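**Q** Okay, here's the structure, questions in a sec.
The values are calculated or read from the model by the stated rules, or taken from the named source; none is laboratory data. Nothing here was measured: the structure is a model prediction, and the numbers come from that model. Because the Cβ atoms are built from the backbone with ideal geometry, glycine has one as well, and the counts that use them run over all protein chains shown.
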Amino acid sequence: MTYNRNMILDQPLILETRRNHALEHATIHLLTRNKPDRRMVGHSNPSGFLLFGNLETPKVWMAATEALERLRSGESELAIHPGCGTNLATTALLAGTFAWFVLRGNKSILTRILLLPFAVTFAVIGVLLARPLGPWLQKYITTEANPGNLQIVDILPLRKGVHRVITR
């Protein structure tokens, strides 16, 4: 049996997580539109997402509701966020792998030291390749900008600086 991308990415728990990840990004975009230096972090799962940051619950409600409406109306670019962990993981993985490629094997310490400039150069190449790859991975793998029948059920302040957005 062969698998295609949609057979895996459209499985219920995965698709729900990808849709919530898109809604999380869109919500963060809207919460930061007037305060671009506002710091916040999110974490998505099949039942919604967590938002960590100094946020007021009514503002989270307004942003999440607007974000869902805008995703529904086709503003898929809101699903991609430059601060996403996908970008960070892609950069670390490519840079580390490219540097390791130069330094791997049974080489003496002196040889490894001499190869260090090449390893750094390869790591930089990995970083440069990751810049377009991270957003591409977000667009096609880690988020789903089409919310389908996703609904916001509730938004709960769990404690200071933490909100739980519950979806179904």
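**Q** Does Leu93 fit the bill of being in contact with a His (Cβ under 9 Å, 6 or more places away or on another chain) and at pLDDT 95 or above?
**A** Considered against the rule, which asks whether it is in contact with a His (Cβ under 9 Å, 6 or more places away or on another chain) and at pLDDT 95 or above, Leu93 comes out as no.
**Q** Starting from residues that are part of a strand (DSSP E or B), touching a residue at least 24 places away in the same chain (Cβ under 8 Å) and touching a helix residue (DSSP H, G or I) at 6+ places or on another chain (Cβ under 7 Å), keep the ones in the stretch 38-53 and report whichever is farthest from Glu16 (Cα to Cα).
**A** Leu51
**Q** Listed residues Val153, Val165; which is assigned to a strand (DSSP E or B), within 18 Å of the chain's Cα centre (by Cα) and among the β-branched types (Val, Ile, Thr)?
**A** Of Val153, Val165, the one residue that is assigned to a strand (DSSP E or B), within 18 Å of the chain's Cα centre (by Cα) and among the β-branched types (Val, Ile, Thr) is Val165.
**Q** Restricting to the stretch 73-97, name every residue that is touching a residue at least 60 places away in the same chain (Cβ under 8 Å) and in contact with a Leu (Cβ under 8 Å, 6 or more places away or on another chain).
**A** Leu78, Ala79
**Q** Further question: Among the residues that make up the stretch 51-61, is at least one of them aromatic (Phe, Trp, Tyr), under 20 Å from Val41 (Cα atoms) and modelled with pLDDT of 95 or more?
**A** Looking for residues that are aromatic (Phe, Trp, Tyr), under 20 Å from Val41 (Cα atoms) and modelled with pLDDT of 95 or more, one finds at least one in the stretch 51-61, hence yes.
**Q** Let me ask you something else. Pairs needed: first member in the stretch 127-152, of a type in the set (Phe, Trp, Tyr); second member anywhere, assigned to a helix (DSSP H, G or I) and at pLDDT below 95; C-beta distance under 6 Å; at least 6 residues apart or different chains.
**A** none
**Q** Restricting to the stretch 112-126, what's the tally of residues that are under 27 Å from the mean Cα position of the chain (by Cα) and not small (Gly, Ala, Ser)?
**A** So the count comes out to 5.
**Q** Tell me, which residue of the stretch 72-82 that is within 16 Å of the chain's Cα centre (by Cα) and not in a loop (DSSP other than H, G, I, E, B) is nearest to Leu31 (Cα to Cα)?
**A** Filtering first and then ranking leaves Leu78.
**Q** Identify, from the list Arg112, Arg70, Arg33, the residue that is without any contact (Cβ under 8 Å) to a residue 12 or more places away in the chain, at negative phi and not assigned by TED's automatic domain parsing to the domain that holds Ala130.
**A** None of the other options fit; the residue is Arg33.
**Q** Another question, then. I'd like to know if the stretch 104-111 contains one or more residues that are loosely packed, with under 14 Cβ neighbours inside 10 Å, under 20 Å from the mean Cα position of the chain (by Cα) and part of a helix (DSSP H, G or I).
**A** No: zero hits.
**Q** Criterion first (surrounded by 19 or more Cβ atoms within 10 Å (Cβ to Cβ) and out of contact with any Gly (no Cβ under 8 Å at 6 or more places or on another chain)) does Ala22 satisfy it?
**A** yes
**Q** Let me ask another. Of all residues in the stretch 85-103, count the ones that are buried (at least 19 other Cβ atoms within 10 Å of the Cβ) and touching a strand residue (DSSP E or B) at 6+ places or on another chain (Cβ under 9 Å).
**A** Selection size over the stretch 85-103: 0.
**Q** Does Ala67 qualify as being more than 14 Å from the chain's Cα centre (by Cα) and within 29 Å of Val165 (Cβ to Cβ)?
**A** Judged against the criteria, Ala67 is a match.
**Q** Any residue in the stretch 54-67 that is assigned to a helix (DSSP H, G or I), within 18 Å of Ala145 (Cβ to Cβ) and out of contact with any Ser or Thr (no Cβ under 7 Å at 6 or more places or on another chain)?
**A** yes
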